[in-house]
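A short reminder: the numbers here are calculations on the coordinates, not readings from a lab. Quick caveat: nothing in here was measured; it's all calculated off a predicted structure. Quick reminder, even Gly has a Cβ in these numbers, built from the backbone with ideal geometry, and neighbours come from all protein chains shown.
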Amino acid sequence: MYPFIIEIGANRGNEGEHWRIYRIHRIIGYAQALADADNNQDYYKKIKSIYECKGQLTITWITQPSKSEEEYLQKAWESIVTDYESNPIEHEL
């Protein structure tokens, strides 16, 4: 799906909750569309991994993201594609 590999994981993602993994893929796609609109096509190369555990999304970055790059993911996380999750995202370097 993406030319750069982003590690994706979810709580109990291998035990019947595959929808969590699918949701992460939707988040990545939505966030990339926002980045594309800002002419920031390569922002996803800064992301090392995305992990979701019971409504808590953790993004691990390779390099420091800009505020806009964090907002791409927050907007995606709060959208209909994730059933309007609104928990804050934890960002790590």
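Among the residues of region 47-66 satisfying the criterion of being hydroxyl-bearing (Ser, Thr, Tyr) and either out of contact with any Phe, Trp or Tyr (no Cβ under 6 Å at 6 or more places or on another chain) or closer than 14 Å to Ala35 by Cβ (or both), which is surrounded by the most Cβ atoms within 10 Å (Cβ to Cβ)? Lay out the reasoning, then the answer.
First pass over region 47-66, keeping only residues hydroxyl-bearing (Ser, Thr, Tyr): 49, 51, 58, 60, 63, 66.
Subset that is either out of contact with any Phe, Trp or Tyr (no Cβ under 6 Å at 6 or more places or on another chain) or closer than 14 Å to Ala35 by Cβ (or both): 49, 51, 60, 63, 66.
Numbers: Ser49: 15, Tyr51: 19, Thr60: 15, Thr63: 10, Ser66: 12.
That would be Tyr51.
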**Asked** Is it the case that some residue within region 74-90 is surrounded by 12 or more Cβ atoms within 10 Å (Cβ to Cβ) and basic (Lys, Arg)?
**Response** yes
**Asked** List the pairs whose first member sits in region 20-32 and is within 12 Å of Gln74 (Cα to Cα), whose second member is small (Gly, Ala, Ser) and surrounded by fewer than 18 Cβ atoms within 10 Å (Cβ to Cβ), and whose Cβ atoms are under 7 Å apart, counting only residues at least 6 apart or on separate chains?
**Response** Tyr30/Ser79
